[in-house]
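Okay, structure first, notes after.
The values are calculated or read from the model by the stated rules, or taken from the named source; none is laboratory data. Every value quoted in this text rests on a predicted model; they were computed, and no experiment measured them. Note that we place each Cβ from the backbone using ideal geometry, even for glycine, and neighbour counts take in every protein chain shown.
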Amino acid sequence: MEKRMKLPDTVRTQHDLILKDWVEFQLTATTLRRDLMKESELREQSREFLSLVGQALQNGSDIGDPAWKPVKDFLGQIARSRVAQGFTPSETAMFVFSLKRPFFDVIRGTTKDVKELDAEMWAATVLLDTLGLHIMELHQQNREEVIRRQQEELLELSTPVVQLFDNILALPLIGTLDSARTQIVMENLLQRIVETGAMIAIIDITGVPTVDTLVAQHLLKTVAAARLMGADCIISGIRPQIAQTIVHLGVDLSEVTTKATLADAFTIALTRTGAGITKSGAARSKE
Amino acid sequence: MERIPILKMGNFLLVTVQVDMHDRLAMTLQDDLTGRIVKDRAHGVLIDISSLEIVDSFIGRMIGNIASMARVLDAETVVVGMRPAVAITLVELGLSLPGVRTALNVDKGVEMLKESIEDKARGNGHLAG
């Protein structure tokens, strides 16, 4: 049977003292970021956290207990706001870990017996370590969330399908093509072909840094799918190095019309759809 | 027994697949269509698969086969109205139907057929003259 700890009572009775020490300590610590956060905000957060911990401690120091939920929620809030403010993980974790010294100070001040002191210190350390690790984890989760959201946004942003003319669509590809992106590109393109009734789609790969066999295969898949929908594809924007790589890799692009520039591709697309470009008289005389 | 209707439109035959194709249905269509091409002396076949939502490798291959058979019987074949999802599935299955002509909808398919039949007629006339 665990002996009743004094920590809950100590935290409650010495609340003001701990808070004062803690805030002072945080204000002098090297991890303080005055550029990111106001002192009043820090004071407010510290006060609220300490009183929540004080309440939760009345129900034992196991943070899996439902009584600790408010504390965890509050830590979640802090982690979220600090991620948004640009704190590093250790700066965030120091918010909890800096509470150790004030805790130890009051424990030392109220406990005389050595054995008891040891047990109290240990309890406080375990508690603060668990909370510290918890806020670290939350910090990490928030960061990952940001990365995932950005990835999703990138996927949507980077696959526009634009209409150049009646019956002609262009698909400027930027960045590396992997399976997931190819799938989205393909779906977008096919959907737009249905919507616009386009007969020709120009896939411009000027913005694709490298073309390996996999990327080439993805491109050919897109071309094949568009053809099944009755639209011809032209691949344009092939840089000299990429032309060399394609041939070295033995990728067969003979089934597809390829052009060096988007302008060439557009011209041939216009010709195929029965349209054409003529220069006006003024522009002709300038030449 | 369930059958896919084959309609005659001038020189062409129009096949509209309105139900999900199962294997037997595809086999029946193959028989019916080749028979009708010969009987009606059709010069073009339009296969409209705009209602087809689910394809597997067998149906994919059958579509390709039917189109190739029609071509052997001297009828230009155009597959029209394939849905994006079906197109992606076929490509992923490795069935990109090489040699089969495709168009977005029946309208464009008819146009395509008319053009190619005119071309052919001109070519034949040229050879005869």
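Select, from A:138, A:220, A:154, the only residue that is more than 27 Å from residue A:268 (Cβ to Cβ), surrounded by 14 or more Cβ atoms within 10 Å (Cβ to Cβ) and not charged (D, E, K, R).
Going through A:138, A:220, A:154 in turn, the sole match is A:138.
So the check is Cβ under 7 Å with 6+ separation or different chains; which pairs have a first residue in region B:81-98 that's free of Cβ contacts under 8 Å to residues at least 60 places away in the same chain and a second one that's of a type in the set (Val, Ile, Thr) and assigned to a helix (DSSP H, G or I)?
These pairs meet every condition: B:81/B:106; B:84/A:194; B:97/B:63.
Looking only at region A:247-271, filter to residues that are hydroxyl-bearing (Ser, Thr, Tyr) and either under 14 Å from residue A:199 (Cα atoms) or away from chain B (no Cβ under 14 Å) (or both); which one of those is surrounded by the fewest Cβ atoms within 10 Å (Cβ to Cβ)?
Top of the filtered list is A:271.
Return the only residue of B:89, B:102, B:16 being over 25 Å from residue A:218 (Cβ atoms) and at pLDDT 90 or above.
B:16
Please enumerate the residues belonging to region A:229-246 that are under 16 Å from residue A:170 (Cβ atoms) and within 14 Å of chain B (Cβ to nearest Cβ).
Across region A:229-246, the qualifying residues are A:231, A:232, A:233.
With the requirement that a residue be part of a helix (DSSP H, G or I) and within 37 Å of the chain's Cα centre (by Cα), what does region A:249-265 give you?
A:249, A:262, A:263, A:265
Does residue A:16 satisfy being loosely packed, with under 15 Cβ neighbours inside 10 Å and either over 21 Å from residue A:123 (Cβ atoms) or modelled with pLDDT of 85 or more (or both)?
Here the answer is yes, as residue A:16 does meet what is asked.
Within the group A:95, A:87, A:49, A:74, which residue is at pLDDT 85 or above, outside any helix (DSSP H, G or I) and surrounded by 15 or more Cβ atoms within 10 Å (Cβ to Cβ)?
Being at pLDDT 85 or above, outside any helix (DSSP H, G or I) and surrounded by 15 or more Cβ atoms within 10 Å (Cβ to Cβ) holds for just one of A:95, A:87, A:49, A:74, which is A:87.
Read through the list (1) modelled with pLDDT of 90 or more; (2) touching a strand residue (DSSP E or B) at 6+ places or on another chain (Cβ under 8 Å), then give the number of the only condition that residue B:67 fails.
(1)
Quick check on residue A:225: is it within 14 Å of chain B (Cβ to nearest Cβ), touching a Leu at 6+ places or on another chain (Cβ under 8 Å), under 18 Å from residue A:162 (Cβ atoms) and of a type in the set (Gly, Ala, Ser)?
No; evaluated as a whole, the condition is false for this residue.
Residues that are within 14 Å of chain A (Cβ to nearest Cβ) and surrounded by 15 or more Cβ atoms within 10 Å (Cβ to Cβ): which helices (runs of 4 or more DSSP H) entirely in region B:11-129 hold 3 or more of them?
B:57-72, B:84-92, B:106-128
What are the residues in region B:28-50 that are within 13 Å of residue B:4 (Cα to Cα) and modelled with pLDDT under 90, if any?
none
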